[in-house]
Amino acid sequence: MSKHPLDRILQSQGFGTRKYCRELIMGGEVNVAGAIATDSHAGIETDGLEFSVFGEPHRYREHVYIALNKPADCECSRKPSHHPGILSLLPEQFARRDVQPVGRLDHDTTGLLLMSDDGAFIHAQSSPKRHISKVYVATTHDTVTPVLVAQLLGGVKLHDEPAPLAAVTCRMLDTRQLEIVLEQGKYHQVKRMLAAAGNHCTALRRTEIGGLKLDTLGLAEGEWCCLDEGQRALLVSR
Ligand code: URA
């Protein structure tokens, strides 16, 4: 059980400054348990709290864990330079909560991207020690061959890496398509591994992280959802 004043709760959920949240309440824009809330200071239980702001329903979340089906031509940076940033795809309150991507996908890479405002979660998901697998589908310029697959499985040398990097698994999906599973997340890793093996990646999509498959989330490109505990538990297993 954890009770907090409503203005503070709204602020924690990214609706704006405490003063602005108080104004929202005084303006009758906030509804709690089916009634317009008028008291900013009364303690409200946050466990399971459902409320609405401007008629839009929300659920209290101590932290948010988001899965985004990232479209192409969209940058993971908080200060995007050439394309819109991923935060522009989410409701404004998530940016105010300081939601960050867990690692990055290139601007032209599509697929599963996790985002959160929980620093411990971001750190754990990004840690190489956890060996969390990431599944990519890469489309290639040249035909894929068993030799290419063997090279990626055996390890390829990238110029700024001390040791060769290898795919955990790699299989041909089509004449110009490979599924590559990695446990590291080095800069441009899939594209650089393919280039080092003598091919060229023309399109890249991340389809799975740990045991969480993008397909099961039913998200069209550009859509996002909040992950529940069960879905989060899948992230560490495969
Ligand atoms: N590897 C890449 O080359 N790019 C990505 O966006 C992700 C993995």
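Before moving on, here are some points about what is shown:
- Separation of the alpha carbons by more than 24 angstrom is noted, of K19/K79; K19/K70; K157/K186; K79/K213, for K19/K79; K19/K70; K79/K213.
- Debye log10 I(q)/I(0) at q = 0.16, 0.18, 0.20 Å⁻¹ for segment 3-59, Cα point scatterers: -0.37, -0.48, -0.60
- Kirkwood hydrodynamic radius computed over segment 133-209 comes to 12.0 Å, based on all pairs of distinct alpha carbons.
- Farthest positive-ward along the chain dipole, Cα basis, beta-carbon charges - from L214, L153, L173: L153
- The chain - Rg and Dmax from Cα coordinates, angstrom: 21.4, 69
- Under 15 Å from a label point set 7 Å out along the Cα-to-Cβ vector of E161, the amide N atoms of segment 106-134 belong to 128-129, 131-134.
- In the chain, helices alone account for a calculated mean residue ellipticity at 222 nm of -5500 deg cm²/dmol, with every DSSP H run of four or more residues adding -39,500 (n - 2.57).
- Dipole size of segment 133-209 about its Cα centre, with +1 on Lys/Arg Cβ and -1 on Asp/Glu Cβ: approximately 120 debye, rounded to the nearest 20.
- FRET E, pair V147, H123, Förster distance 41 Å, beta-carbon r, rounded to 0.05: 0.60
- Cα lying deepest toward the dipole's positive end in the chain, options Q11, N199, F54, charges on Cβ: N199
- Charged-residue dipole, Cβ positions (Lys, Arg, Asp, Glu), segment 3-59 about Cα centre, Debye nearest 20: 220 debye
- Taken per residue, the accessible surface of the chain reaches 52 Å², heavy atoms only and a 1.4 Å probe.
- Max mean-square fluctuation residue, GNM over the chain, Cα-Cα springs under 10 Å, options G55, G222, G119: G55
- Size of charge dipole - the chain - debye, nearest 20, with Cβ of Lys, Arg +1 and Asp, Glu -1, no other charges: 720 debye
- Pairwise label distance in nanometres, T207 with E221, each label 7 Å out on the Cα-Cβ vector: 1.7 nm
- Expressed as a whole percent, the accessible surface of the chain that belongs to carbon and sulfur atoms is 52, based on a 1.4 Å probe.
- Using a Gaussian network model of the chain in which every pair of alpha carbons under 10 angstrom is joined by a spring, one finds that among G198, G210, G16 the greatest mean-square fluctuation is at G198.
- Relative contact order [Cα under 8 Å, 6+ residues apart], the chain, whole percent: 19 percent
The values are calculated or read from the model by the stated rules, or taken from the named source; none is laboratory data. Note that the structure is a prediction, hence the values are computed from the model and not measured. In this analysis, Cβ positions are derived from the backbone assuming ideal geometry, glycine residues included, and neighbour counts consider all displayed protein chains. Calculation scope for accessible area: heavy atoms of the full protein, side chains included, ligands and nucleic acids excluded. Shrake-Rupley method; radii C 1.70, N 1.55, O 1.52, S 1.80 Å.
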